[in-house]
Structures are given as structure tokens and as C-alpha cells.
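Below: the structure, in C-alpha cells.
The values are calculated or read from the model by the stated rules, or taken from the named source; none is laboratory data. Because the structure is predicted, anything quoted here is derived from the model rather than measured. Reconstructed Cβ throughout: ideal geometry from the backbone, glycine too, with neighbour counts over all protein chains shown.
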Amino acid sequence: MKPFLEMISISKTFPGVKALDHVDLHLNSGEVHVLAGENGAGKSTLMKIMTGVLRADPGGEIRIEGEPVVIKNPVHARSLGISIIYQELAVVNNLTVSENVFLAREPLRPTGLIDRAKMNADTRAVLSELGVDIDPEAMVGTLSVGQRQLIEIARAISYKSKLIIMDEPTASLSHHEASTLLRMSRKLASQGVGIVFISHKLEEIFEIADRVTVLRDGRTVDTRPVSEMTSDLLVRLMVDRELDQLFGHHTSHATAEVLMSVRNLTEKRVKDEGVFVRDVDFDLHRGEVLGFFGLVGAGRTEVMEMIFGSRPHTGEISINGKPARISSPSDAIEHGLGFVTEDRQSRGLVLGMSVRENFSLTHLSDYCSLDFVNRRKETAACADYIRALGIKTPSPEQKVLNLSGGNQQKVVLAKWAARRPRILIVDEPTRGIDIGAKAEVHSLLGSMAEEGMSIIVVSSDLPEILAISDRVIVLKEGRISGELTRENATQESVMLAATG
Amino acid sequence: MRVLHQLLQLRHMREFNVLIALILMGLLISLFTPYFLTVSNLMGVSRAFSLTAIMSIGMVMVIITGGIDLSVGSAMGLAGLITALCFDAGYSQYAAVAAGLGVGLAFGLTNGLLITAIGLPPFIATLGTLSIGRGLMYMITHGVPLTPQTPESFSVLGQGYVGPVPVPVVILLVLTVIFTIIMTRTRFGRHVYATGGNESAARLSGVKVQRVKLAVYVLSSTISALAGVIAFSRYLSAEPASGFGSELEVIAAAAIGGASLAGGIGSVLGAVIGAALIGEIANGVVLLNINTYAQQAITGGVILIAVSLDVLRNRMGGRG
């Protein structure tokens, strides 16, 4: 196989940071090439250079089918046959499937009006080539996240792309949707399309890759066929540490004392859409790590939002045996709750603010006398947490916007840890962050439980739930469908409760 | 050396661009006329823009939360008018001023509650109260200015001096310092920035965003009402169309000063310097005998250039 795209000695310098340092990457037609590396290793920057979003420093060279090229911008990249499917979906929800697939290059009739029939027919053809059954005239907003991702792939195919880059495409997909996507990617590769696949999920990498390239600290560490790679080796290449050292053993700190009990928690519905969460009953013990599992759409996040007062509900919540009226997040926080939200960028952080300002937002009054903020105290506390959590940032004054995903997540955890809540809810705490950061997050949650904090972990990553929970509650279609002790919780038993 | 170093640090301030523009524009005008750089002219200019600048302090706080207050001109005009009515009815000057500021409070509460309790978009809510305010002014005055008897001591507010400095300018400076401290050093200020930066992250962190929004609208209207009372004290005549259209100039001042209408970004000092720049242009137009009708067009050009430069600078600084 001859390489379709060669990137030779590519460097990229940002003010104060060398994001890429003489990276080499050869991508063949018809192969699935996995790009692995921790957050901040330079994967995103490399993608941006491939798609013309960023320009590499002078000195390197990019060749397509042997010819040197300068990729000027994303449109130019697309005309060269390079498409990208971003982690954050780039589809327009209030347009139909075919309108999305043909957005900005709609087929026209001689009159100048859109040729809707042709658009739908062509979309149907691409979708059936992919082997998926989606109506070209359906509104994209009514489709599941997984289906929307397939629309993006359909769009990339209809551009006649020779190289499709997928940036953590399965991060927000259910198990079933993810396996559909993997199957599809393999199929595309067998038709000669090159696929660059970015993923943090080891199982997935071994399932799909032909070759793997590992980036670390902006350098290419290794490229080899997947047949010559093992999990242990891959992890060691990515983080320079052993897997066993990363994930410690589980110790339970749960006590018999019930800290919070939830009874008949039911959603107050304004509109009849989405999952209807009802009759949720459970107890949370002091020092316990309680896992909440369910398939996408089972209502996990909704339950947490109700407890935290950001979603209208009926039912009783009592904390320390006393009824707690929680009708807003600030009520919840006063009752000693904290909430690390699923979506750190849109709901967890004020991206334009500094690490320090985001850190202190939950507990600013700790640093205030009257209403004046003592900035020295605030900065000192923030610096302590930056050190304790190993947040990689030049200073507390850096805008969180400029941090990598894993470090952003640590800032969210820090802002809640410093508030010292009695109960901390964490929703998808390790989504989209690398394996090293993931291990650090797990050990942080463990040490919070050790200090007597109770933790509710919501995750769609089943191995994660099993690894860190003392007890697992399973939701299905808005109700609790199972409760399993640590001893009884296995991949099979939890999955059975979630699907059976 | 240290002083030099600190001066160099200034260029990192958001307000640096607009401050440089203010100075360059001043130098440019001085090239053509010797009358610009005189104490009496500069004091006159300062007094002329002080009301816009005072109002821009309230406006920039609203804009930082991601909102907008179109009703500032009406709050200003109506406050001056009510103050005049109180004098006309024989109330003391303290009661008259309090009534004027009370108008601002009522405006602010109305705007704030429409936005937080009912959930109207700020643009619509304040467009409505803007129009109601104007209507009330015509209904009260029947289109005729009100010129009541006022005590000598009241006119100090608009006409007096502290040394060479006009009283409205002194009030502006004091408010600038107070609100700069509030916005940069207090918890409230931090919450204002967080609300505009990412409302749902702020709410989920425990910031009472509705209360923050209510507060900035009340502050904006009350500050505008104060400007209205000062304006009345200056002319001792409450005009039926006083304050009409001033909202655009006030918003322009905040925008020139680096505030982003998307929220989360902006500063009190920037807005005040922005108002100064607009005032300086107005003065230059008069001194240079340029057609005064051109003034609005020039101000518009400056807004576009200033905000474009800011946007471009941020794009270069960002990491894509």
C-alpha cells in the first residue's frame, strides 16, 4: 500500500508551548490508523494541521500521493479528499438528514431551486451503502447521537473523501451504536478509504486498528501494526508508566450510616419528550461510592439533575435524616451537595475565565471578608489544588479554554473538592480524557470517599463503574431496574439489569 | 526601571487599546487647533461626556451579564422630569432627588423582573420600558419643558466645580472607582462576569444568576436616573425628549471600551474611556468646524474600527 498522506517532520509552536515537535505520520489508503496519546499529547493539533485549520511551522512537509501540498483551509482540505468528523457533532438539528448531508453544496435544478428529489435519492444511496436505515427526510434533531454521527460519516463519504479523520467518535455512543460505527469504519477501509481514528478506549483500539501511532508530549513515540502491540505496551508508550501502577486496588470506605435518602423521586414534566424518570428510591451511605449505570437515555443524568435542583421534580430527599427542600442548584449546594456535570465545556466551566476564577466559583465566600475577595488567599488555595491534582497549567491565571480536556476536568473536580461537599455527584467524570488522567481522577474520588465524602458516580463506561463503585444502581427507561453489591456486580449482571 | 516595567504591563490591560485611541485622537485634533488642549476646553468636554460615561458604567455591567438595557435614556429623562415635578410641587430638594432616583429603581426592578421572573429577552423587556418611559414623559409634559423654581444649592450638582473640575466629572470619577472595585474585587463582580461567561456553569456552581441579573438592571437604571437628576440640575429645565436616543451612545461607549455583547467580557474603565472618546470626537468636530451632522457618522466609524481591532487582537491571541 502506498501512503495517501505523509506528514514529515511537522512542528507547531504556540506562544510558550511546543505542541508538536518534528512529528512524522504516514497514512495509507485502505487502513484504519489509530492515533493514540494522552490529552495534550498533540493529537488535536495534528488533526487541525491535516484539515487546514492550523498551519504547521516552516520546516516540515505534507505530501498527498507523493506530491508536496500546502493545506490552506478546511475547504481546501476537503477538496484534497480529507474530511474530519469532530467529537462535537457538526450537524444542524433543525434541518433534515439530506439537507445536512448536502449542506452548502445542494444540487440545483435549472431554475436555481434545490433539487430535493435528487438530494434525497443520493442521500438514501449513501446511507444504504453504509447499511443504515435512516429516513433522508427525518429531522436530524429527532435522531439519536449515534445516528447523527452516521450522518456526518455519510456526508464525508458523499464528498468522495479519501481520508476520514474521526476524533473520538464513540465517546458519546451507546455500546450498540459504537459497534455499528466500528463496523462501518472497517467497511470503508476495505473500500480503500483511509481512516484516522482517535480513541482513548483500549478495547476499541485493538478491535479496529491496522496500525497504531502513539504521540507523547508532541512527539511520535512509535508507529507499528496492531499485531505487534499489546495493551500494556500501548499504555506504557502513551504515559510512560505501567497499567498496574496506574489503577490501584479498590478499598471501600462505606459506612452503615445513611447520609441521603431519596424516595419517590419523579420528574415534573413540562413537555412529553425524552425519558420520564419516576419512582426513584435509594439510600446513599457516608463514605460510599455509589455507581449509577444505564444505557444512553435511561435517565441517569436526569436523576442527578433532579437531586441537584436543576430539573423540576416531586418526591422526598432527606439528608442526615432531615427533609431537604431542593429547588435550585444553590439550595442543593447549601445542603452540602456538589455536581460535576457531564459536559464540562458547556456546563462545568466558564471557559473565558482563568483557572483561579473557575476554581473558586463554588466557594468564593471562603476567601471573602464582607464581599471583598482576598485574591492572595484565593490564589494560594488554587495553587495548592493545582499541585495536589497535578493540573498542567502555566499558572492559576491561565484561561481554562487553553487547557487540555483532562486538565479541564481536573479543574472542575478541584472546584468541587475545595468546596468540601458531603455528597459529590460526578457525571461521566472521565469522558474524553486520557488513561493517565482517568487513573488520577479515580484515585482522587477514592481519597475523597476516604475522607468521609459520599460519591455518586454516573458513567456509561461499565469497567469504570465496576472498578470504583461500592454498590451499583442500574436504571432502565427512567426507573431503577437493579441494585447490585460490589460482589454481585459483573459486566454481565449489570448489563442484564440495564437491558433485560 | 520599575516604573517603566509597570507602564509596560499596562499594555496587557483590555483598556489599553481604547486609551491609546483616546490619546491619538486628542493629538490629532491638537494638530489642527490650539484650542483643544486647554484646561477649560478639556473640562468642558469632560462635563459634556460625563453623563454618557456615568450611564455606561451601569450599561457595561448589564452587558457583561450577557444582557442589554435599551431603557437607560428613558430612565434618565423620566428621573429628571419627576425631580422637576417634585420641585414644582414644593418638595424639598432631598425629596426631589430621592424621587428621581426612585424612578430609576422602579425602572430597574421592572426590567429585572420581566427578564428574570417572566423570562423575557432583555432586548424586548427594555425596549418595552423604553417606550413606556417616553410615552409617560409626553403625557406628563404635554410636550412643554418644565422649569420649576429650585434652590441655589441644588444647581451645584450639575453646574458646580471642585477646583477646576466640574461636579458631574467628580461624580463620574467617584463612580468609576467604586464600580471598578466592585467589578474586580468583590464576589458580586465575579458573579457578574461568571453569569455572562457561562450562565449554566455559574448557576450549577451555586451562583444565584437571577439575583445577579436583577441587581445589574436595578443598578443600570438607578445610575441612569442619577444622570437624569444631574442633567436637570445643569439646565434646570426638564425637557420632554430628554435622554431620547442616548441608549445607543451608551451602548457604543461600552462596546468601544471592549465589552462583548455576548457577555463575560468588558470593564467599567473601558466603558468610561469609550464615552470619553465619543465626547472627544464630538468636541473635535465642533472645534474643527466640521459639519456637525458628520459627527454621528464619525462616531459610527470609530465604533466599527475599535471593535474590529479588538476582535482581531483576540483572534491573534487565541490558540485556535
Note to self: With closer than 21 Å to A:Glu38 by Cβ, more than 10 Å from chain B (Cβ to nearest Cβ), crowded, with 24+ Cβ neighbours inside 10 Å and modelled with pLDDT of 90 or more as the only criterion, which of A:Val355, A:Val412 stands out?
What the structure shows: A:Val355
Next item on the list: For segment A:133-144, indicate whether the set of residues that are surrounded by 15 or more Cβ atoms within 10 Å (Cβ to Cβ) and under 21 Å from A:Val193 (Cα atoms) is non-empty.
Entry: no
Next item on the list: Could you list all residues from segment A:424-470 that are at positive phi and more than 14 Å from the chain's Cα centre (by Cα)?
Entry: A:Gly452
Check: Which residue pairs have Cβ atoms closer than 7 Å, lie 6 or more positions apart in sequence or on different chains, and pair a first residue in segment A:118-135 that is basic (Lys, Arg) with a second residue that is outside any helix (DSSP H, G or I) and surrounded by fewer than 19 Cβ atoms within 10 Å (Cβ to Cβ)?
Finding: A:Lys118/A:Pro107
Note to self: Considering only residues that are in a helix (DSSP H, G or I) and in contact (Cβ under 8 Å) with a residue 12 or more places away in the chain, which ones fall in segment B:233-251?
What the structure shows: B:Ser233, B:Arg234, B:Tyr235, B:Ser246, B:Glu247, B:Glu249, B:Val250, B:Ile251
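Run down A:Arg311, A:Arg269 and say which single residue is more than 14 Å from chain B (Cβ to nearest Cβ) and not in a helix (DSSP H, G or I).
Working: A:Arg311 fails: more than 14 Å from chain B (Cβ to nearest Cβ).
Unique residue meeting the criteria: A:Arg269.
Please find, among A:Gly81, A:Gly59, A:Gly52, A:Gly42, the residue that is small (Gly, Ala, Ser), more than 21 Å from A:Ser199 (Cα to Cα) and within 14 Å of chain B (Cβ to nearest Cβ).
On the way: A:Gly81 fails: within 14 Å of chain B (Cβ to nearest Cβ); A:Gly59 fails: within 14 Å of chain B (Cβ to nearest Cβ); A:Gly42 fails: more than 21 Å from A:Ser199 (Cα to Cα).
One residue alone meets the criteria, A:Gly52.
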Margin query: Kindly evaluate A:Val69 against the criterion of being surrounded by 14 or more Cβ atoms within 10 Å (Cβ to Cβ), touching a residue at least 40 places away in the same chain (Cβ under 8 Å) and assigned by TED's automatic domain parsing to the domain that holds A:Arg183.
Written below: no
Next item on the list: Looking for whichever is surrounded by fewer than 18 Cβ atoms within 10 Å (Cβ to Cβ) and either within 22 Å of B:Thr129 (Cβ to Cβ) or not small (Gly, Ala, Ser) (or both) here; the options are B:Pro168, B:Pro164, B:Pro240. Which one fits?
Entry: B:Pro164
Item checked: Positions within segment A:415-448 being within 14 Å of chain B (Cβ to nearest Cβ), among the small types (Gly, Ala, Ser) and in a helix (DSSP H, G or I), in sequence order -> A:Ala417
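Only one residue in B:Ile278, B:Ile305, B:Ile298 is assigned to a helix (DSSP H, G or I), away from chain A (no Cβ under 14 Å) and under 25 Å from B:Val174 (Cβ atoms), so which one is that? Walk me through it before giving the result.
Values: B:Ile305 fails: under 25 Å from B:Val174 (Cβ atoms); B:Ile298 fails: under 25 Å from B:Val174 (Cβ atoms).
Result of the check over B:Ile278, B:Ile305, B:Ile298: B:Ile278.
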Margin query: Take the conditions touching a residue at least 40 places away in the same chain (Cβ under 8 Å) and either touching a Ser or Thr at 6+ places or on another chain (Cβ under 7 Å) or assigned to a helix (DSSP H, G or I) (or both) and apply them to B:Ala201. Does it pass?
Written below: no
Notebook entry, point to check: Does A:Thr393 qualify as being in a loop (DSSP other than H, G, I, E, B), more than 10 Å from every other protein chain (Cβ to nearest Cβ), of a type in the set (S, T, N, Q) and more than 30 Å from A:Val472 (Cα to Cα)?
Noted result: yes
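Would you be able to tell me the number of residues in segment A:328-343 that are part of a helix (DSSP H, G or I) and within 9 Å of another protein chain (Cβ to nearest Cβ)? Working first, answer last.
Initially, segment A:328-343 is screened for residues part of a helix (DSSP H, G or I), giving A:329-334.
Now narrow it down to the ones that are within 9 Å of another protein chain (Cβ to nearest Cβ): A:329-330, A:332-334.
Total meeting the criteria: 5.
Test of understanding: among B:Gly228, B:Gly270, B:Gly264, which residue is in a loop (DSSP other than H, G, I, E, B) and either on the phi > 0 side of the Ramachandran plot or in contact with a Gly (Cβ under 6 Å, 6 or more places away or on another chain) (or both)? Break it down into steps so the answer makes sense when it comes.
On the way: B:Gly228 fails: in a loop (DSSP other than H, G, I, E, B); B:Gly270 fails: in a loop (DSSP other than H, G, I, E, B).
Of the residues listed, the single one that is in a loop (DSSP other than H, G, I, E, B) and either on the phi > 0 side of the Ramachandran plot or in contact with a Gly (Cβ under 6 Å, 6 or more places away or on another chain) (or both) is B:Gly264.
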Notebook entry, point to check: In segment A:92-109, what residues are under 26 Å from A:Phe4 (Cβ atoms) and in contact with a helix residue (DSSP H, G or I) (Cβ under 7 Å, 6 or more places away or on another chain)?
Noted result: A:Val101, A:Phe102
Next item on the list: Taking B:Thr180 as the residue in question, decide whether it is within 14 Å of another protein chain (Cβ to nearest Cβ), surrounded by 21 or more Cβ atoms within 10 Å (Cβ to Cβ), in contact (Cβ under 8 Å) with a residue 12 or more places away in the chain and polar (S, T, N, Q).
Entry: no
Checklist line | Failed criterion for B:Thr116 (all others in (1) in contact with a strand residue (DSSP E or B) (Cβ under 8 Å, 6 or more places away or on another chain); (2) under 22 Å from B:Ile57 (Cα atoms); (3) hydroxyl-bearing (Ser, Thr, Tyr) hold) | finding: (1)
Check: Is it fair to say B:Gly135 is assigned to a helix (DSSP H, G or I), away from chain A (no Cβ under 14 Å) and touching a Pro at 6+ places or on another chain (Cβ under 8 Å)?
Finding: no
Margin query: Among the residues that make up segment B:186-193, is at least one of them more than 14 Å from every other protein chain (Cβ to nearest Cβ) and either out of contact with any strand residue (DSSP E or B) (no Cβ under 8 Å at 6 or more places or on another chain) or buried (at least 22 other Cβ atoms within 10 Å of the Cβ) (or both)?
Written below: no
Check: Out of segment A:315-341, which residues are surrounded by 22 or more Cβ atoms within 10 Å (Cβ to Cβ) and either of a type in the set (S, T, N, Q) or not assigned by TED's automatic domain parsing to the domain that holds A:Ala414 (or both)?
Finding: A:Thr341
Margin query: Quick check on A:Ile319: is it in contact with a His (Cβ under 7 Å, 6 or more places away or on another chain) and more than 9 Å from chain B (Cβ to nearest Cβ)?
Written below: yes
Note to self: Checking B:Gly73 against (1) of a type outside the set (A, V, I, L, M, F, W, C); (2) touching a helix residue (DSSP H, G or I) at 6+ places or on another chain (Cβ under 8 Å); (3) not in a helix (DSSP H, G or I): exactly one of these is not met. Which one?
What the structure shows: (3)
Next item on the list: Have a look at A:Lys2, A:Lys12 and point out the one that is surrounded by 15 or more Cβ atoms within 10 Å (Cβ to Cβ), of a type in the set (D, E, K, R) and touching an Asp or Glu at 6+ places or on another chain (Cβ under 8 Å).
Entry: A:Lys12
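Of all residues in segment A:216-236, how many are in contact with a Lys or Arg (Cβ under 7 Å, 6 or more places away or on another chain) and modelled with pLDDT under 90?
So the first thing to find is which residues in segment A:216-236 are in contact with a Lys or Arg (Cβ under 7 Å, 6 or more places away or on another chain), and the list is A:218, A:223-226.
Filter once more, so that each one left must be modelled with pLDDT under 90: A:218.
Final tally of qualifying residues: 1.
Give the residue, chosen from A:Arg387, A:Arg344, that is of a type in the set (D, E, K, R) and crowded, with 20+ Cβ neighbours inside 10 Å.
Numbers: A:Arg387 fails: crowded, with 20+ Cβ neighbours inside 10 Å.
Criteria check complete, one pass: A:Arg344.
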Note to self: Taking the criterion of being within 12 Å of chain B (Cβ to nearest Cβ), on the phi < 0 side of the Ramachandran plot and part of a loop (DSSP other than H, G, I, E, B), would at least one residue in segment A:400-407 satisfy it?
What the structure shows: yes
Checklist line | Residue list for segment A:358-377, restricted to those being surrounded by fewer than 22 Cβ atoms within 10 Å (Cβ to Cβ), part of a helix (DSSP H, G or I) and more than 10 Å from chain B (Cβ to nearest Cβ) | finding: A:Asp366, A:Arg376, A:Lys377
